[in-house]
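Before any comments, here is the structure.
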Amino acid sequence: MRQGLRFGAFLAPHHPLGEHPTLQFQRDLELAALLDRLQFDEFWVGEHHSAGWETIGSPEMFLVAAAERTHHIRLGTGVISVPYHHPFNIAQRMVHLDHLSRGRAILGVGPGALPSDAVMLGIDPMTQRERMDEGLGAVLRLLREDEPITLESDWFTLRDAVLQLRPLQDEMPVAVASSISPSGMKTAGKYGVGVLSLASYLEEGLTALPTQWGFGETSAREHGQQLDRADWRIVMPFHLSDSKEQACREVADGLQRWQNDYIVGILGTPKRRPFEDGYKAARSMDEHGGAILGTPEDALEKITALQQLSGGFGTLLCFAHDWVSPELSARSYELLARHVMPQVQGLLRPLHASADRVQANKKALMERSSGAILKAIRDYNAEHPRQ
């Protein structure tokens with residue numbers, strides 16, 4: 001397994017209205033296949049049921065299709081909204097995904113992001129975080145314990161429940177979604193599982209990262225658990241191009257549409273305002289660290305700064321967006337894979353070391369090579385004297 005920072009993509013998805021949804025799904029599956037070929041480590045897919053833009057209602061079903069088109073990339077549910085489902089169904093669907101992906105499944109959970117989803121299901125949004133915590137506890141017991149489980153809750157019941165099929169992996173990785181409030185980190189600490197930080201593109205979310213990890217560590221100590229920074233995943237928008245200027249101009253229109261039409265126009269997200277100028281918004285996001293925009297060199301600099309700010313994390317997940325065309329998006333992922341990932345993961349160090357050793361001794365090496373050639377000529381002439 002490669003050492004160092006891992007890379008992946010987080011697909012909510014956020015698709016603007018107006019495109020054939022079937023073709024959008026196919027494009028998303030093509031993205032999974034592309035990232036697999038480019039040696040990305042993880043691919044995450046979300047669950048949403050309303051508002052028109054985020055159209056994948058079952059990440060497990062989508063990831064089974066992705067598993068058939070990929071070979072090594074790990075497949076995460078980013079995230080299953082636990083209060084929407086009976087914990088037994090979550091556990092058994094994830095086991096099925098693990099087998100069909102040949103042991104590549106990652107369980108990501110959260111309380112549910114869109115209040116419109118919860119209202120449709122008759123769920124009080126005020127109860128979602130507590131139910132996520134309670135439901136996750138039941139799911140983990142089902143995945144890890146051999147004896148039948150009996151639990152009585154005000155929203156689910158288990159009676160001598162046991163999974164007839166276990167995960168293919170010895171232990172399936174688990175991560176809890178976290179944004180700005182401490183609840184996600186506290187739940188991750190309580191159960192000793194990974195963290196999926198989703199709000200890092202917001203200035204307040206970015207600056208809260210060190211504090212957020214502290215919430216998790218405190219909770220872990222209180223419950224006799226441990227958190228590992230290697231299991232911390234941070235989601236960050238990015239787009240790479242030939243220059244920072246070009247990258248910002250390429251995302252400008254799509255970024256403005258995403259903010260104005262969806263985040264503000266449809267969702268009405270608090271404290272978010274429409275962007276008057278997409279290019280200026282892109283520059284601002286880049287300057288405060290809420291996006292990685294520019295060249296591979298810019299990306300390396302931003303990743304280093306993010307590691308220092310957070311105190312260290314294990315996986316950078318690129319927020320998959322439609323701010324640019326599929327062609328520009330594919331090129332951006334390729335630039336990241338070709339020029340950033342190998343630098344961060346240390347794959348180029350032995351190559352540079354080898355080049356440096358040869359360069360430092362090139363005069364002596366060439367002299368020996370030239371001497372060997374001259375000796376071969378002399379030996380040949382000695383064995384074949386001219387008539």
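May I ask you to list the residues in the stretch 319-332 that are in contact with a strand residue (DSSP E or B) (Cβ under 8 Å, 6 or more places away or on another chain) and either not assigned by TED's automatic domain parsing to the domain that holds Tyr262 or not in a helix (DSSP H, G or I) (or both)? Answer for the stretch 319-332, where residues must be in contact with a strand residue (DSSP E or B) (Cβ under 8 Å, 6 or more places away or on another chain) and either not assigned by TED's automatic domain parsing to the domain that holds Tyr262 or not in a helix (DSSP H, G or I) (or both): Phe319, Ala320, His321, Trp323, Val324.
Evaluation of Pro274 against the conditions (1) touching a residue at least 12 places away in the same chain (Cβ under 8 Å); (2) closer than 18 Å to Ser200 by Cα shows that the sole unmet condition is (2). A count restricted to the stretch 180-196 and to residues that are at pLDDT below 95 and within 14 Å of Thr315 (Cβ to Cβ) stands at 0. In the set Asp133, Asp117, only one residue is over 24 Å from Glu171 (Cα atoms), surrounded by 19 or more Cβ atoms within 10 Å (Cβ to Cβ) and in contact (Cβ under 8 Å) with a residue 40 or more places away in the chain; that residue is Asp117.
Could you please let me know if Glu145 is out of contact with any strand residue (DSSP E or B) (no Cβ under 9 Å at 6 or more places or on another chain) and under 30 Å from Asp286 (Cβ atoms)? Show your work before the answer.
Details: out of contact with any strand residue (DSSP E or B) (no Cβ under 9 Å at 6 or more places or on another chain): yes; under 30 Å from Asp286 (Cβ atoms): no.
Considered against the rule, which asks whether it is out of contact with any strand residue (DSSP E or B) (no Cβ under 9 Å at 6 or more places or on another chain) and under 30 Å from Asp286 (Cβ atoms), Glu145 comes out as no.
Residue pairs whose Cβ atoms lie under 9 Å apart, separated by 6 or more positions or on different chains, with the first residue in the stretch 9-29 and assigned to a strand (DSSP E or B) and the second surrounded by 16 or more Cβ atoms within 10 Å (Cβ to Cβ) and of a type in the set (Ser, Thr, Tyr), are Ala9/Tyr333.
Of the residues Gly314, Gly289, which single one is touching a strand residue (DSSP E or B) at 6+ places or on another chain (Cβ under 7 Å), surrounded by fewer than 20 Cβ atoms within 10 Å (Cβ to Cβ) and more than 19 Å from Ala51 (Cβ to Cβ)? Break it down into steps so the answer makes sense when it comes.
Values: Gly289 fails: touching a strand residue (DSSP E or B) at 6+ places or on another chain (Cβ under 7 Å).
Exactly one residue qualifies, and that residue is Gly314.
Could you list, in sequence order, all residues of the stretch 159-184 that are farther than 30 Å from Leu309 by Cβ, not in a loop (DSSP other than H, G, I, E, B) and not basic (Lys, Arg)? Matches in the stretch 159-184: Asp160, Ala161.
Taken together, Gly135, Gly108 contain a single residue that is small (Gly, Ala, Ser), more than 16 Å from Leu11 (Cβ to Cβ) and assigned by TED's automatic domain parsing to the domain that holds Ala177, which is Gly135.
Filter the stretch 230-247 for residues that are under 19 Å from Val109 (Cα atoms) and buried (at least 16 other Cβ atoms within 10 Å of the Cβ) and give the result. Selection gives Asp231, Trp232, Arg233, Ile234, Val235, Met236.
Regarding the stretch 140-163, can at least one residue be identified that is β-branched (Val, Ile, Thr) and modelled with pLDDT under 95? Within the stretch 140-163, not a single residue is β-branched (Val, Ile, Thr) and modelled with pLDDT under 95. Determine, yes or no, whether Thr295 is surrounded by fewer than 18 Cβ atoms within 10 Å (Cβ to Cβ) and in contact with a helix residue (DSSP H, G or I) (Cβ under 7 Å, 6 or more places away or on another chain). Taking the combined requirement at face value, the residue does not satisfy it.
Listed by position, the helices (runs of 4 or more DSSP H) inside the stretch 333-387 whose residues that are surrounded by 10 or more Cβ atoms within 10 Å (Cβ to Cβ) and within 38 Å of the chain's Cα centre (by Cα) number at least 2 are 341-344, 349-360.
The values are calculated or read from the model by the stated rules, or taken from the named source; none is laboratory data. None of these values were measured; they are calculated from a predicted model. Note: ideal-geometry Cβ built from the backbone for every residue, glycine included; neighbour counts use all protein chains shown.
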